[in-house]
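Participant: Quick one: structure below, then a few questions.
The values are calculated or read from the model by the stated rules, or taken from the named source; none is laboratory data. Quick caveat: nothing in here was measured; it's all calculated off a predicted structure. Every residue, glycine among them, receives a Cβ derived from its backbone with ideal geometry; neighbour counts consider all protein chains shown. What goes into the accessible areas is simple: the full protein's heavy atoms, side chains included, and nothing from ligands, DNA or RNA. Shrake-Rupley method; radii C 1.70, N 1.55, O 1.52, S 1.80 Å.
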Amino acid sequence: MRPKSVHTDKVPPGRAKISQGMVFGTLVFISGMVAREPSTGKTVPGGMAEQTRQVLKNIEAVLQAAGTTRDYVIKTDVHLTDMSQFEAFNREWEAFFPNNPPARICTQAGALGPTFLVEIDAVAGLPDKSDK
């Protein structure tokens with residue numbers, strides 16, 4: 001079995017040559033997403049809440065391209081540039097994953113880029129035929 005790259009035009013390409021996601025067996029691995037608007041590629045205006053919302057939308061777009069949904073997200077790694085903004089991040093997180101939230105780690109990172117406040121990667125499962 002070989003990994004299969006996942007790509008969607010609903011997420012702007014990054015600067016590095018990486019896949020937006022990879023499917024291997026029944027798992028989907030999503031690269032770290034930042035708060036870039038799909039139409040312009042620019043960082044979304046606003047603070048932690050607005051950026052978190054966009055990052056989660058970008059993750060959702062890759063999940064859809066891979067054939068799954070947020071309901072199948074198993075694990076995420078979250079990197080914030082400032083842990084004092086955790087509450088703003090967490091409100092958006094809880095709104096996105098209101099039920100059965102995935103396992104998560106949340107750490108403070110150094111600079112994520114010139115204007116990014118949050119980066120999130122994810123691991124999800126693919127629905128099996130009995131789930132449809």
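Participant: Give region 92-112 a look and list any residue that's open to solvent by 30 Å² or more (accessible area, probe 1.4 Å), more than 22 Å from V44 (Cα to Cα) and either in a strand (DSSP E or B) or touching a residue at least 24 places away in the same chain (Cβ under 8 Å) (or both), or say none.
Facilitator: Scanning region 92-112 gives N100, A103, R104, I105.
Participant: May I ask you to verify whether V28 is open to solvent by less than 20 Å² (accessible area, probe 1.4 Å), touching a residue at least 60 places away in the same chain (Cβ under 8 Å), under 13 Å from the mean Cα position of the chain (by Cα) and over 21 Å from A111 (Cα atoms)?
Facilitator: Details: open to solvent by less than 20 Å² (accessible area, probe 1.4 Å): yes; touching a residue at least 60 places away in the same chain (Cβ under 8 Å): yes; under 13 Å from the mean Cα position of the chain (by Cα): yes; over 21 Å from A111 (Cα atoms): yes.
Yes; evaluated as a whole, the condition is true for this residue.
Participant: Which residue, of P38, P12, is open to solvent by less than 40 Å² (accessible area, probe 1.4 Å) and in contact with a Pro (Cβ under 6 Å, 6 or more places away or on another chain)?
Facilitator: Within the list P38, P12, the selection yields P12.
Participant: Now for a different question. For the condition open to solvent by 30 Å² or more (accessible area, probe 1.4 Å) and not acidic (D, E), what is the one hit in M33, M83?
Facilitator: M83
Participant: Which one of the conditions (1) at positive phi; (2) at pLDDT below 95 does G25 fail to meet, given that it meets all the rest?
Facilitator: The number of the failed condition is (2).
Participant: Then there's this: Consider only pairs whose beta carbons are under 7 Å apart and that are at least six residues apart or on different chains; among these, list those whose first residue lies in region 58-86 and is closer than 18 Å to G46 by Cβ and whose second residue is assigned to a helix (DSSP H, G or I).
Facilitator: L80/F86; L80/F89; Q85/M48
Participant: Just to be sure before I move on: is V23 of a type outside the set (K, R), open to solvent by less than 60 Å² (accessible area, probe 1.4 Å) and more than 14 Å from L112 (Cα to Cα) in the structure I sent?
Facilitator: yes
Participant: On to the next question. Take region 113-122 and flag every residue that is buried (at least 17 other Cβ atoms within 10 Å of the Cβ) and either assigned to a loop (DSSP other than H, G, I, E, B) or not charged (D, E, K, R) (or both).
Facilitator: Passing the criteria: F116, L117, V118, I120, A122.
Participant: Identify, from the list T40, T52, T68, T76, the residue that is β-branched (V, I, T) and assigned to a helix (DSSP H, G or I).
Facilitator: Working: T40 fails: assigned to a helix (DSSP H, G or I); T68 fails: assigned to a helix (DSSP H, G or I); T76 fails: assigned to a helix (DSSP H, G or I).
So the residue among T40, T52, T68, T76 that is β-branched (V, I, T) and assigned to a helix (DSSP H, G or I) is T52.
Participant: Just for region 4-37: of the residues that are small (G, A, S) and either assigned to a strand (DSSP E or B) or out of contact with any helix residue (DSSP H, G or I) (no Cβ under 6 Å at 6 or more places or on another chain) (or both), which one is farthest from E92 (Cα to Cα)?
Facilitator: Filtering first and then ranking leaves G25.
Participant: Identify all residues within region 52-80 that are open to solvent by less than 40 Å² (accessible area, probe 1.4 Å), more than 20 Å from P13 (Cα to Cα) and not hydrophobic (A, V, I, L, M, F, W, C); write none if there are none.
Facilitator: If the condition is that a residue be open to solvent by less than 40 Å² (accessible area, probe 1.4 Å), more than 20 Å from P13 (Cα to Cα) and not hydrophobic (A, V, I, L, M, F, W, C), then T68, T76 are the ones that fit.
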